[in-house]
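Written below as C-alpha cells is the structure these notes are about.
Derivation of every value follows stated rules applied to the coordinates shown; laboratory data play no part. Predicted, not measured: the structure shown is a model, and the values here were computed from it. Positions of Cβ are generated from backbone atoms using ideal geometry, with glycine treated the same way; all protein chains shown enter the neighbour counts.
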Amino acid sequence: MDKKFFAHETAVIDEGCKIGAGTKIWHFSHVMTGAEIGENCNLGQNVVVSPGVRLGKNVKVQNNVSIYTGVICDDDVFLGPSMVFTNIVNPRSRVVRKDSYVTTIVERGASIGANATIVCGNIIGRYAFIGAGAVVTRDVRPYALVVGNPARQTGWMSEYGHRLNFDSKGFAVCPESKERYRLENNTVTKISKD
C-alpha cells in the first residue's frame with residue numbers, strides 16, 4: 001500500500017484496502033480489507049469502514065460512525081457524529097445473512113446529521129440534508145430536508161446547507177452562495193450561472 005495518507009498510530013488499516021492521498025484516519029478507527037476511500041477524506045475517531053464500502057473524495061466521517069458493507073458514499077458527503085447505517089432488513093443473531101447485504105447510496109454532497117439512522121436499501125439524493133436523530137426509511141429526494149422518526153420532508157436545502165424559501169414562481173436564492181434554485185413538479189434544480 002503506497003501510503004500518501006495519514007493514519008493515527010492507534011488506527012488499524014487492513015491490507016487490501018484503498019485509501020486516497022490526503023485522507024486522514026484518526027484514533028481507534030478501523031479500515032477493513034476491500035474498503036475504498038477517496039482522496040482528502042477525514043475519518044474521526046472510532047470509525048469502522050467495512051469490506052466493500054466505497055467513499056468518494058472529500059467525505060467527512062465524524063466520530064463513532066460504522067459504515068457497513070453495502071454503503072456507497074459519493075464525493076463531498078458528510079456523516080455526522082454517531083449516525084448509523086444498517087445493511088440487513090431483517091437481522092437475527094442466529095441467522096447468517098452475509099450474502100444478503102442491501103445497498104445504500106448516499107449521493108454527492110448529502111449531509112446526515114448526528115445520531116440519524118439510515119435503514120438500508122435507500123438512496124439519499126444529491127445535497128439532501130438529514131436532520132439530527134432522523135430515521136430514514138425510504139428514499140430521500142435531491143436537495144430535500146428530512147427530519148423526525150420516521151423521517152419526513154419538511155423543506156429544501158441549498159448546496160451550501162441553507163433552507164431554501166421558494167417564491168410564488170418557484171424560485172429561491174441561497175443566502176450564502178447567491179446560487180439560484182427552481183422548484184418544479186416537486187423537484188429542485190440549481191440554475192446555471194451562465
So, relative contact order of segment 51-194 in percent, Cα under 8 Å, 6 or more apart, is 14
Over all viewing directions the Cα convex hull of segment 11-70 casts an average projected area in nm² of 3.1
Within the set Tyr143, Tyr127, Tyr101, GNM on the chain using Cα springs under 10 Å gives the largest fluctuation to Tyr101
Note, Leu183: beta-carbon cut-off 12 Å, +1 each Lys/Arg, -1 each Asp/Glu, net +3
Too long for a 23 Å Cα-Cα cut-off, among Lys3/Lys24; Lys24/Lys98; Lys4/Lys57; Lys3/Lys57, are Lys24/Lys98
Looking only at aspartates and glutamates whose Cα falls under 17 Å of Lys169's and that sit 8 or more positions away or on another chain, we get Glu179, Glu184
Exposure-ranked with fewest Cβ neighbours within 10 Å first, Lys4, Lys98, Lys57 stand as Lys98, Lys4, Lys57
Listed by chain and number, the aspartates and glutamates with an alpha carbon less than 18 angstrom from that of Lys60, same-chain partners under 8 positions apart left out, are Glu36, Glu39, Asp74, Asp75, Asp76, Glu107, Glu159
